[in-house]
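Values quoted throughout were computed directly from the atomic coordinates according to the rules given, and no laboratory measurement underlies them. These numbers were taken from a predicted model, which means no experiment stands behind them. Here the Cβ is made from the backbone with ideal geometry for all residues, glycine too, and neighbour counts use every protein chain on show.
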Amino acid sequence: AQKITQTQPGMFVQEKEAVTLDCTYDTSDQSYGLFWYKQPSSGEMIFLIYQGSYDEQNATEGRYSLNFQKARKSANLVISASQLGDSAMYFCAMRERATGGFKTIFGAGTRLFVKA
Amino acid sequence: DVKVTQSSRYLVKRTGEKVFLECVQDMDHENMFWYRQDPGLGLRLIYFSYDVKMKEKGDIPEGYSVSREKKERFSLILESASTNQTSMYLCASSLAGGVTGGNSPLHFGNGTRLTVT
């Protein structure tokens, strides 16, 4: 069963506008962490933002914010003032407890296209 | 700055060959991971390790094995490569710790694009 669901395979946004990338997750654990990564066409994976399951405030990092709705198991990424350089693949990920430690699992990703 | 190095950027192997993918990290991270990335499927966890000589299966371990003899090195082994193992393979490492596993992100290598013919 899919534990991280990103329902938007592709998204378009106009430059300078805000965009929300959806992510829902499934876990029965109370302790977990949520991450967003960006993968530009160069292929590198870039960490964007983190939210712990016990964090009461939504995480923010510059133009990135994470809209964390714990009861709905939702962790949407909001990018404000989109730039052409934001065009990339975006992955939502969850760090959850596993035998011996923690593992991180990923969603299928959303490809964002920023239009000039 | 953390560096995760994967030994090959591109690799072409024949069906049935034994394939070794090597990954080295230089920041003393406890945790290391192997993922494969396929279009439309995102990153899928193959194996991970939280300590030397320790290994745990991820979501798709079939056809793969791993070795972690030293803390900095985590090897992925395809015992008998098959065409359905053609993929991009990504190695990652992270610190351990914390109630939620900590806020330490994964640090990724540049990936190995493996083609099995």
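Once you list every other residue whose beta carbon is under 14 Å from the beta carbon of A:K16, what net charge do they have if Lys and Arg are +1 and Asp and Glu are -1? Before the final figure, lay out each step's value.
Values: positive: A:R63, A:K115; negative: A:E15, A:E17, A:D86.
Result for the local shell: -1.
With the Kirkwood sum run over all distinct C-alpha pairs, chain B has a hydrodynamic radius of 14.2 Å.
Treating each Cα of segment A:22-116 as one equal point scatterer and applying the Debye formula with no solvent, the log10 of I(q)/I(0) at q = 0.12, 0.19, 0.22 Å⁻¹ comes out as -0.38, -0.90, -1.15. Put simply, the amide H of B:E17, placed in the peptide plane, has neighbours under 5 Å in B:A81, leaving out anything fewer than 5 places away on its chain. Distance from the C-alpha centroid of segment B:32-105 to that of segment A:29-101: 20 Å, rounded to the whole angstrom. Packing, as the average of other Cβ atoms within 10 Å across residues, places the peptides B:32-39, B:56-63, A:74-81 in the order B:32-39, A:74-81, B:56-63, highest first. For the segment B:37-45, counting C-beta atoms of other chains within 10 Å of every residue's C-beta and taking the mean gives 6. With a 10 Å cut-off around each Cβ of A:28-34, the average count of Cβ atoms from other chains is 3. Taking the Cα atoms of segment B:38-85, the ratio Rg/Rh between the radius of gyration and the Kirkwood radius comes to 1.00. The alpha-carbon atoms of the protein assembly as shown define a convex hull whose volume equals 121 cubic angstrom per residue.
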